[in-house]
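Student: Would you mind keeping the following structure in view while I ask a few things?
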């Protein structure tokens with residue numbers, strides 16, 4: 001087992017544990033958000049191990065920085081330290097969801113073990129794989145329409161968020 | 001070299017945790033965070049499969065990573081609008097429990 005593989009299992013396990021902590025923690029919402037930070041940063045480390053360097057940097061800056069801080073800001077703003085709701089009325093639907101989710105996961109994991117795609121390890125990456133130069137050139141040549149659409153989407157999101165969060169529309 | 005089937009398995013596990021979070025929790029903030037977790041799991045699958053098919057005729061192929069950047073942009077937009085909806089809901093209902101929001105239910 002190489003150092004890369006050990007690091008992958010370390011960060012992968014950390015990501016799963018902190019994701020479970022995020023979903024299962026019903027007492028403290030702030031701790032739940034902080035668990036999400038741990039998940040995002042460990043996924044960033046997994047991206048590094050997969051040699052996607054620019055994506056790893058974006059993961060830590062955008063997810064670990066901006067998005068999670070936004071969540072934390074709202075939790076603090078609304079003072080939602082706990083969520084002690086009355087007991088749910090939809091227990092049956094929820095347990096059906098849980099059973100279906102776990103069954104589908106088990107099927108995927110079993111199917112993965114039999115897939116010939118994973119029988120041989122992938123070949124070494126070519127020069128410049130995952131660097132900013134390659135990604136930048138591709139973004140501004142082949143995928144330039146996608147970039148424009150993303151900018152329009154972000155503009156619409158800014159306007160929508162402003163309208164939604166405003167107290168009264170004059 | 002990383003075991004690629006385990007990378008995809010990690011992605012599937014994280015996605016399932018996200019689905020269970022959306023299905024079982026009632027706090028809107030945790031539901032939004034679970035959606036983020038699902039988007040992250042998909043990103044991990046994109047990066048993993050991109051690592052498997054990392055080149056075409058000796059030239060680096062990184063289209064999967066472009067899609068990941070787009071998913072990150074969509075996630076940022078989704079969080080901005082989602083938290084705006086959460087603020088509006090908290091102002092009207094004084095709670096973030098999604099079971100209390102049933103105006104459109106019949």
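The values are calculated or read from the model by the stated rules, or taken from the named source; none is laboratory data. Worth saying up front: this structure is predicted, and the values here are computed from it rather than measured. Here the Cβ positions follow ideal geometry from the backbone for every residue, glycine too, while neighbour counts run over all protein chains shown.
Student: Consider region A:125-141. How many of its residues are over 24 Å from the mean Cα position of the chain (by Cα) and facing chain B (nearest Cβ under 8 Å)?
Tutor: At the first step, the residues of region A:125-141 found to be over 24 Å from the mean Cα position of the chain (by Cα) are A:125-128, A:133, A:137, A:140-141.
Those still in the list that are facing chain B (nearest Cβ under 8 Å) too: A:125-128.
Looking only at that region, the number is 4.
Student: Tell me the helices (runs of 4 or more DSSP H) entirely within chain B that contain at least 2 residues that are more than 30 Å from residue A:114 (Cβ to Cβ), out of contact with any helix residue (DSSP H, G or I) (no Cβ under 6 Å at 6 or more places or on another chain) and more than 8 Å from every other protein chain (Cβ to nearest Cβ).
Tutor: Values: elements: B:4-24, B:28-52, B:63-93.
Counting at least 2 such residues, we get B:63-93.
Student: Right, something else. From the list A:93, A:99, A:108, exactly one residue is out of contact with any helix residue (DSSP H, G or I) (no Cβ under 6 Å at 6 or more places or on another chain) and either at pLDDT 85 or above or outside any helix (DSSP H, G or I) (or both). Which is it? Spell out the reasoning first.
Tutor: Numbers: A:93 fails: either at pLDDT 85 or above or outside any helix (DSSP H, G or I) (or both); A:108 fails: out of contact with any helix residue (DSSP H, G or I) (no Cβ under 6 Å at 6 or more places or on another chain).
Result: A:99 is the single residue among A:93, A:99, A:108 that is out of contact with any helix residue (DSSP H, G or I) (no Cβ under 6 Å at 6 or more places or on another chain) and either at pLDDT 85 or above or outside any helix (DSSP H, G or I) (or both).
Student: Give the residue, chosen from A:152, A:164, that is crowded, with 17+ Cβ neighbours inside 10 Å and without any contact (Cβ under 8 Å) to a residue 60 or more places away in the chain. Break it down into steps so the answer makes sense when it comes.
Tutor: Values: A:152 fails: crowded, with 17+ Cβ neighbours inside 10 Å.
Answer to the check: A:164.
Student: Further, regarding this structure: In this structure, does residue A:49 turn out to be at the interface with chain B (Cβ under 7 Å from one of its Cβ atoms), modelled with pLDDT under 90 and over 16 Å from the mean Cα position of the chain (by Cα)? If you could, list the steps in order and put the result at the bottom.
Tutor: Numbers: at the interface with chain B (Cβ under 7 Å from one of its Cβ atoms): yes; modelled with pLDDT under 90: no; over 16 Å from the mean Cα position of the chain (by Cα): yes.
It is false that residue A:49 is at the interface with chain B (Cβ under 7 Å from one of its Cβ atoms), modelled with pLDDT under 90 and over 16 Å from the mean Cα position of the chain (by Cα).
Student: Tell me which residues, restricted to region A:69-90, are within 17 Å of residue B:99 (Cα to Cα) and either at the interface with another protein chain (Cβ under 9 Å from one of its Cβ atoms) or out of contact with any helix residue (DSSP H, G or I) (no Cβ under 8 Å at 6 or more places or on another chain) (or both).
Tutor: A:80, A:83, A:84, A:85, A:86, A:87, A:88, A:89, A:90
Student: Yes or no: residue A:31 more than 9 Å from chain B (Cβ to nearest Cβ) and at pLDDT 90 or above?
Tutor: Details: more than 9 Å from chain B (Cβ to nearest Cβ): yes; at pLDDT 90 or above: yes.
Taking the combined requirement at face value, the residue satisfies it.
Student: Is there a residue being touching a strand residue (DSSP E or B) at 6+ places or on another chain (Cβ under 9 Å) and either under 18 Å from residue A:72 (Cβ atoms) or surrounded by 20 or more Cβ atoms within 10 Å (Cβ to Cβ) (or both) anywhere in region B:8-27? Lay out the reasoning, then the answer.
Tutor: Step one: of region B:8-27, the residues touching a strand residue (DSSP E or B) at 6+ places or on another chain (Cβ under 9 Å) are B:26-27.
Next cut, either under 18 Å from residue A:72 (Cβ atoms) or surrounded by 20 or more Cβ atoms within 10 Å (Cβ to Cβ) (or both) only: B:27.
Yes, region B:8-27 contains a residue that is touching a strand residue (DSSP E or B) at 6+ places or on another chain (Cβ under 9 Å) and either under 18 Å from residue A:72 (Cβ atoms) or surrounded by 20 or more Cβ atoms within 10 Å (Cβ to Cβ) (or both).
Student: A further question on this structure: Could you pull out the residue among A:36, A:7 that is touching a residue at least 24 places away in the same chain (Cβ under 8 Å), within 20 Å of residue B:23 (Cα to Cα) and at the interface with another protein chain (Cβ under 10 Å from one of its Cβ atoms)? Full working, then the answer.
Tutor: On the way: A:7 fails: within 20 Å of residue B:23 (Cα to Cα).
So the residue among A:36, A:7 that is touching a residue at least 24 places away in the same chain (Cβ under 8 Å), within 20 Å of residue B:23 (Cα to Cα) and at the interface with another protein chain (Cβ under 10 Å from one of its Cβ atoms) is A:36.
Student: OK, next. Just to be sure before I move on: is residue A:44 part of a helix (DSSP H, G or I), buried (at least 19 other Cβ atoms within 10 Å of the Cβ), on the phi < 0 side of the Ramachandran plot and at pLDDT 90 or above in the structure I sent?
Tutor: Working: part of a helix (DSSP H, G or I): yes; buried (at least 19 other Cβ atoms within 10 Å of the Cβ): yes; on the phi < 0 side of the Ramachandran plot: yes; at pLDDT 90 or above: yes.
For residue A:44, the condition - part of a helix (DSSP H, G or I), buried (at least 19 other Cβ atoms within 10 Å of the Cβ), on the phi < 0 side of the Ramachandran plot and at pLDDT 90 or above - is met.
Student: Can you report the number of residues in region A:126-148 which are more than 12 Å from residue B:62 (Cα to Cα) and surrounded by 13 or more Cβ atoms within 10 Å (Cβ to Cβ)?
Tutor: Result for region A:126-148: 2.
Student: Is it fair to say residue A:164 is at the interface with another protein chain (Cβ under 10 Å from one of its Cβ atoms), touching a helix residue (DSSP H, G or I) at 6+ places or on another chain (Cβ under 6 Å) and modelled with pLDDT of 90 or more?
Tutor: Working: at the interface with another protein chain (Cβ under 10 Å from one of its Cβ atoms): yes; touching a helix residue (DSSP H, G or I) at 6+ places or on another chain (Cβ under 6 Å): yes; modelled with pLDDT of 90 or more: no.
So residue A:164 does not fit the description; no.
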